[in-house]
Amino acid sequence: MPDATALDQATAVIEKAWGRPIEALESLAVRRPNDDPLLRSAMHIRSALVITDNAVAVHQDRLHALTRPGHVPAFYDLERITSAAADLRVAQAESRASLQAISHVIEAREAAATVDRPPAVRLAQAAVARSGHAPRPLGQSPDQPAPSAAVGPPVAGLGPHR
């Protein structure tokens, strides 16, 4: 998808995260905004991205018209070319910022989903992840479980250290 716009990318990311087509998500965000505030946020950012995406297209068209092949720009066109290029860069930066904001909303949604799980599931997942990365003492075979990690804050030594 080399010609995909930021709006296309945002739509694909939102559809993938919520598992529904964008039209269904738009109506859901408008009808019941309190049911999923993160969806409403993502859709709000996407609606701002529609405007920014249109601005990118307009600035690209203006720049292409001013720099069309075989055309030597007049001296007074140089300022318009520079201005159109700067406006295009600003619009593209706004598009990237909107995409980043949508990805942060999706990350927050995923983090909230893991918080809703029972603690036993989270602890089991953490234990499995930790056991795969824990260093083994010398001479210990891979069949034996790794020693458990210490739980709690580190204990301060006695007296001040200099």
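Evaluate the following for Arg31: is it loosely packed, with under 12 Cβ neighbours inside 10 Å, out of contact with any Leu (no Cβ under 9 Å at 6 or more places or on another chain) and closer than 29 Å to Arg89 by Cα?
On the way: loosely packed, with under 12 Cβ neighbours inside 10 Å: yes; out of contact with any Leu (no Cβ under 9 Å at 6 or more places or on another chain): yes; closer than 29 Å to Arg89 by Cα: no.
Here the answer is no, as Arg31 does not meet what is asked.
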Could you tell me which residue of the stretch 94-123 is modelled with the lowest pLDDT, considering only residues that are surrounded by 12 or more Cβ atoms within 10 Å (Cβ to Cβ) and among the small types (Gly, Ala, Ser)? Ala108
Look at Arg40 and say whether it is under 13 Å from Val105 (Cβ atoms) and open to solvent by 30 Å² or more (accessible area, probe 1.4 Å). yes
Taking into account only those residues within the stretch 43-89 that are farther than 30 Å from Glu23 by Cβ, β-branched (Val, Ile, Thr) and open to solvent by 80 Å² or more (accessible area, probe 1.4 Å), which is modelled with the lowest pLDDT? Val72
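The values are calculated or read from the model by the stated rules, or taken from the named source; none is laboratory data. Everything quoted here is computed from the prediction, not taken from an experiment. Glycine gets a Cβ as well: all are built from the backbone with ideal geometry, and neighbour counts include every protein chain shown. Heavy atoms of the whole protein, side chains included, go into the accessibility calculation; ligands, DNA and RNA do not. Shrake-Rupley method; radii C 1.70, N 1.55, O 1.52, S 1.80 Å.
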